[in-house]
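The structure appears below as structure tokens.
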Amino acid sequence: MDALLERLRAGLPAEALITDPDVTASYAHDMASFCDAGTPAAVVLPRSVEEVQHVMRTATALRVPVVPQGARTGLSGAANASDGCIVLSLVKMDRILEISPVDRIAVVEPGVVNATLSRAVGELGLYYPPDPSSWETCTIGGNIGTASGGLCCVKYGVTAEYVLGLEVVLADGRLLNTGRRTAKGVAGYDLTRLFVGSEGSLGIVVKAVLALRPRPPQQLVLAAEFPSAAAACDAVCRIMERGHTPSLLELMDRTTVRAVNAMASMGLPESTEALLLCAFDTPDPAADLAAVGELCKASGATEVVPADDVAESELLLQARRSALPALETVKSATMIDDVCVPRSRLGAMIEGTAAIAEKFGLTIGVCAHAGDGNTHPVVCFDHTDPDESRRARASFDEIMALGLELGGTITGEHGVGVLKKEWLARELGEVGLELQRGIKSAFDPLGLLNPGKLF
Ligand SMILES: Cc1cc2nc3c(=O)[nH]c(=O)nc-3n(C[C@H](O)[C@H](O)[C@H](O)COP(=O)(O)OP(=O)(O)OC[C@H]3O[C@@H](n4cnc5c(N)ncnc54)[C@H](O)[C@@H]3O)c2cc1C
């Protein structure tokens, strides 16, 4: 330990290295429940690529594990510390280095907060679409680490679609450049894409070239109330089948609606079984919303209420963004599933989840990026009750099994981390897992980067 700290100090300014155990302990885990976290030996907050390289060279020389971190808003334990590790928090590398309206790119350091980038490019008439609900706090490095999605992905796609190139410090301290800053480019294997969603297990992202789009018109939102989740899912299928391109298509079940009202007094309709939010950022959003409103009615919607203006639309979005924090107040703890199924199976997924809740005698609220088929069943439980905790974990697992049965994936956007490790093997199969392990060891032969995650 002394040797480690001495070597780290030799290449870092004093303020970049934290060793006070009370402070380092506060960096031990992200926001996921049920995920073990170890005790870090030190936390390093670098401000430059050279400092990151110094940390990785030190770690390799002394065979010390390194856990990269952004804002620790992750929901799978992917940023959790392991015993004796160096936590490498990238939050101080938070400069936007370049925004080019001609090339339609931004070049950023990994600690830039998602909303900060969105606002900065917005001022130039540009748009960085990926918008996790945690956008006011989560970082671009973390978004790349988890390949995160968000509310607008039904139209604009997820983080992977916007990462053009990366600068990465490898486990041994070498600097790797991947990808491009051009509109096109197919030279060699797509290592950039490989890093997206790699959960800090292949290298430390120190710079990213991100694609931007022209800023679309402000979106207008419609809220539709349904007598059942199945009817709301039917509306989702009709909307997509008819070729509409909503900029947002989100679902909240009754439990979620009530939790949001209880937390934030949003005035959402509590009698509804399912609330569907649909938005358009097209030149004539009112006309698109009217057409979608008719489809909702045909699926059994009891109320269809288009927002009057952008301010009212923003309130509805805020309600949706507060769904996870609101469900966290229902009981003392939550486990948040992230199963994504083909859109056509969304109804079966939500009905199956309700059956699982009943079987285990638990409250499971569901909010979903419905247009993507990406559900977030949130298991609410009392963590001081051992039996309820056991049932919570069992129901969480059954929800993933149901997702796989329906042709889906165990994680649409939150990642595998510690929480879903056993399930990754089931989804990938033997051959897939073996190749993924081979890739990991090509980048990180000593297994120092974020050990214990993914596999
Ligand atoms: C209220 C709430 C709402 C959320 N909503 C969404 C949502 O809508 N969509 C969604 O996808 N997620 C959502 N999340 C999950 C979370 O915010 C995302 O996964 C986010 O991308 C994590 O970013 P972060 O900066 O907190 O990263 P962290 O949690 O710190 O890290 C995430 C992963 O990235 C790795 N990592 C971080 N920085 C680097 C780097 N520079 N180089 C290499 N690896 C790195 C870490 O090791 C870890 O594996 C939500 C979370 C909360 C709490």
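Say we look at the range 95-112 and pick out the residues that are touching a residue at least 24 places away in the same chain (Cβ under 8 Å) and part of a loop (DSSP other than H, G, I, E, B); which of these is farthest from the ligand (Cβ to nearest atom)?
Residues of the range 95-112 that are touching a residue at least 24 places away in the same chain (Cβ under 8 Å), as a first pass: 96-97, 99, 101, 103-112.
Retained after the next criterion (residues that are part of a loop (DSSP other than H, G, I, E, B)): 101, 103-104, 109-112.
Details: Pro101: 26, Asp103: 23, Arg104: 22, Glu109: 9, Pro110: 4, Gly111: 8, Val112: 10 Å.
Here the answer is Pro101.
Report whether or not Val206 is touching a Gly at 6+ places or on another chain (Cβ under 9 Å), touching a residue at least 60 places away in the same chain (Cβ under 8 Å) and within 16 Å of the ligand (Cβ to nearest atom). Walk me through how you get there before you give the answer.
Details: touching a Gly at 6+ places or on another chain (Cβ under 9 Å): yes; touching a residue at least 60 places away in the same chain (Cβ under 8 Å): yes; within 16 Å of the ligand (Cβ to nearest atom): yes.
Judged against the criteria, Val206 is a match.
Please work out which residue is farthest from Gln69 (Cα to Cα), limiting yourself to the range 153-162 and to residues that are touching a strand residue (DSSP E or B) at 6+ places or on another chain (Cβ under 8 Å) and crowded, with 24+ Cβ neighbours inside 10 Å. Quick ask: steps written out before the conclusion?
Looking only at the range 153-162, we keep the residues that are touching a strand residue (DSSP E or B) at 6+ places or on another chain (Cβ under 8 Å), and these are 153-156, 161-162.
Going one step further and asking which of them are crowded, with 24+ Cβ neighbours inside 10 Å, we end up with 153-154.
Working: Cys153: 24, Val154: 28 Å.
Within the range 153-162, the match that is farthest from Gln69 (Cα to Cα) is Val154.
What's the total number of residues in the range 28-50 that are near the ligand (Cβ under 10 Å from one of its atoms) and surrounded by fewer than 21 Cβ atoms within 10 Å (Cβ to Cβ)?
Final tally of qualifying residues: 2.
Whether any residue in the range 167-180 is under 25 Å from Ser247 (Cα atoms), near the ligand (Cβ under 9 Å from one of its atoms) and buried (at least 23 other Cβ atoms within 10 Å of the Cβ) is what I want to check.
No: zero hits.
What pairs can you find where one residue is in the range 144-159 and over 17 Å from Thr375 (Cβ atoms), the other is among the β-branched types (Val, Ile, Thr) and within 8 Å of the ligand (Cβ to nearest atom), and their Cβ atoms are less than 6 Å apart, with a gap of 6+ or different chains?
Pairs found: Ile144/Val205; Ala147/Thr159.
Looking only at residues in the range 184-203 that are of a type in the set (A, V, I, L, M) and in contact (Cβ under 8 Å) with a residue 40 or more places away in the chain, which one is nearest to the ligand (Cβ to nearest atom)? Even if it seems obvious, please write down each step before you answer.
The initial filter retains those residues of the range 184-203 that are of a type in the set (A, V, I, L, M), namely 186-187, 191, 194, 196, 202.
Now drop any that are not in contact (Cβ under 8 Å) with a residue 40 or more places away in the chain, which leaves 194, 196, 202.
Numbers: Leu194: 12, Val196: 10, Leu202: 8 Å.
Looking at the filtered set, the residue picked out is Leu202.
Give the residue that is surrounded by the fewest Cβ atoms within 10 Å (Cβ to Cβ), with candidates limited to residues of the range 121-149 that are farther than 24 Å from Gly203 by Cβ and under 11 Å from the mean Cα position of the chain (by Cα). Before you say what the answer is, go through the steps one by one.
Initially, the range 121-149 is screened for residues farther than 24 Å from Gly203 by Cβ, giving 121-127, 129, 131, 133, 135-136.
Next, from what is left, pick out any that are under 11 Å from the mean Cα position of the chain (by Cα): 131, 133, 135.
Working: Asp131: 22, Ser133: 23, Trp135: 20.
The residue in question is Trp135.
Within the range 51-93, restricting attention to residues that are assigned to a strand (DSSP E or B) and among the polar types (S, T, N, Q), which residue is nearest to the ligand (Cβ to nearest atom)?
Of the range 51-93, the ones assigned to a strand (DSSP E or B) are 66-69, 86-89.
Add one more test, that the residue is among the polar types (S, T, N, Q), and what stays is 69, 89.
Details: Gln69: 4, Ser89: 8 Å.
Top of the filtered list is Gln69.
Just one of (1) closer than 30 Å to Arg104 by Cα; (2) out of contact with any Asp or Glu (no Cβ under 7 Å at 6 or more places or on another chain) trips up Gly267, so point out which.
So Gly267 meets the others, but not (1).
Could you tell me whether Pro129 is assigned to a loop (DSSP other than H, G, I, E, B) and either among the small types (Gly, Ala, Ser) or within 22 Å of Gly412 (Cβ to Cβ) (or both)? Steps first, answer last, please.
Values: assigned to a loop (DSSP other than H, G, I, E, B): yes; either among the small types (Gly, Ala, Ser) or within 22 Å of Gly412 (Cβ to Cβ) (or both): yes.
So Pro129 fits the description; yes.
Every read-out reported here was derived from the displayed coordinates using simple, explicitly stated rules and does not represent laboratory data. Note that this is a predicted model, so its numbers are computed, not measured. For neighbour counting, all protein chains shown are included, and Cβ atoms are generated from backbone atoms with ideal geometry for every residue, glycine included.
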